[in-house]
Amino acid sequence: MPFVRRFGELREDVTFAARQLRKSPGFAFVVVITLALGVGVNSAIFALVDATLLRPLPLPGADRLVMVWERSATSPRDLASPLNMTDWNQRSRAFEKMAAFVPNVGGMVMAGADGTADTVPRQWVTAGVFDVLGIRAIAGRTFVAADEAGGPGAVVLSEAFWRARFGGNHSVIGRELLLDGSPFTVVGVVPQEAQLLGASSIWAVRPMPRDPRARAAHFLRVVGRLKPGVAVEAAAADMTAVADGLSREFPATNKGRGVALEPFRDVLIGDDLRLTSTLFLGIVGFVLLICCVNVANLLLSRMPVRARELAVRFALGASRPRIIRQLLTESLVLAALGGLLGVAVGAAILKVAPSVIPEGLLPGAVTLSLDARVLAFCAGVTLLVGLMFGLGPAWQATSLSPVETIGSGGRTSTRGDGRLRRMMVVGEVAAAALLLTGAGLLLRTLLTVDGVDRGYRARQVLTMMVDPLGSQYPTRESLVQFLDEVEGQVRALPGVEATAWTSRFPSGPRCSTASTSRSSATRRSRRASAQPPSTSR
């Protein structure tokens, strides 16, 4: 049977390839290591590309989730007013439901039974946000409308916080936690997907203000789920009509304000992250190409040694396709070994990636892992690489004349052999020069950014965060007195030259400034409470 014969030939080719590699362990080692590095780096970067560009969000019906922004002449994407969001929810015919969350993750002081206190990341949301996203509680429930009606506060815990702080104990459901000096009831636990809203450990319901003046306050990110079959363009037209109606009803706050829709995934990933992922994939693709050229040159350098062997096989009746198939099998065996080791290299890179990637670069629920999609990519790249570096040398080796090769003692080479090697060397040098140029420009940019005068001296400066309970320091005077006492104790420590406190760090979260001329009579900036530094005596 043809299939049985082909399978037998393949088994013989693989066995022969293994014997050839055992004869040249140094050559095999260099090739496998070269390929492993190329495949490993590419698999790790593909995991990033897959997570940011290809893989859908881990939410049911994620393609129907859109972010709803307010739009004005000065801001194409502005946060929404709570009263506008309520009217959108009631008047829009394109959405199943809308909900909102405050984008900034703050902190709540959680008091322990032993008298200790910790600051826990907290995010304010409306009651329907988990329902809109399709996130179900893994313990207890998510928020309901009654949680917004006032009364005792309700909180939902993240799965990671629940397991780390409470050991995954279901008895925490219904328990009261003392947060910022007030009791909150734990109603449920949500899975990792909730981190798409923000890197929070606790979500609390924020009652929507009903005061008409709140229509001028813009602090919410609104996410909505489209009805089945409704396109984003149709929803945008519907929301434009709703916004126009609100503009006529409330000209004092809504005149000139429209609505903009954007897929939820595009907001989470962002243009910068997509560009970075694509750029990295192109860079490591060049690296893999250089690896292939290196291996192809190594194979070509071995062909004069094997020329007599191939000539004898020709003389014994082997056809050129049969010889090419044998040489390609050897290349694919090398590629397979390099690919297997490359998977291990990629897994090692992904293991250390979380400690290297800057915090906040990836959305909370987007993780980098060596899953089936990445393994399939590795398999495809390994096969492609084996064909790339094996086909040229195999074709070149079988173009020699058997008679001339045997007569010359196996030392025959062709003019095409040298031409092919020169072409590969030129291509390799060109690719390497391109990579080095890009790396040099990137290094120059980083050095330039690092040398920018930030307006403050960060060297030999240590910072600490203090989050005092508002119930214990209800007035500004009592809070300032507490901070002065803490500052005095810190200033008395050995090695401390000066101390100061501020409500926000320079260039830190939620801190923005506006530069003005020295002669300007007024200075406009976001105000931050600060105290001049005190020096140690």
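FYI, it's all coordinate maths here, none of it is from the lab. This structure is a prediction, so every number in the text was calculated from the model and none was measured. With ideal geometry, Cβ positions are generated from the backbone for all residues, glycine too; neighbour counts draw on all protein chains shown.
Worth pointing out:
- Relative packing of 170-181, 218-229, which averages over residues the other C-beta atoms within 10 Å, highest first: 218-229, 170-181
- Formal net charge of residues neighbouring residue 78 (Cβ-Cβ distance under 11 Å; K, R +1; D, E -1): +3
- Length available on full extension from residue 367 to residue 456: 0.36 nm per residue minus the Cα-Cα distance, which gives 28.5 nm.
- Model label points for residue 344 and residue 432, set 7 angstrom from Cα along the Cα-to-Cβ axis, are 2.7 nm apart.
- Residue-span extension gain [residue 446 to residue 104] - 0.36 nm each, minus C-alpha spacing: 120.3 nm
- Ranked by the mean number of other Cβ atoms within 10 Å of their residues, highest first, the peptides 489-500, 248-259 fall in the order 248-259, 489-500.
- Of the peptides 342-350, 89-97, the order by per-residue mean of other Cβ atoms within 10 Å, starting with the highest, comes out as 342-350, 89-97.
- Residues residue 276 and residue 185, FRET efficiency given R0 of 45 Å [Cβ-Cβ distance, rounded to 0.05]: 0.60
- Subtracting the Cα-Cα distance of residue 75 and residue 119 from their residue separation scaled by 0.36 nm leaves 12.5 nm.
- Label-to-label distance, nm, for residues given as residue 213 and residue 301 (7 Å Cα→Cβ offset): 8.0
- FRET efficiency, residue 472 to residue 144 (Cβ-Cβ, R0 30 Å, nearest 0.05): 0.40
- Taking 457, 504 and counting other C-beta atoms within 10 Å, the order from fewest to most: 457, 504
- Between residue 163 and residue 395, the FRET efficiency estimated from the beta carbon spacing at R0 = 41 angstrom works out to 0.10.
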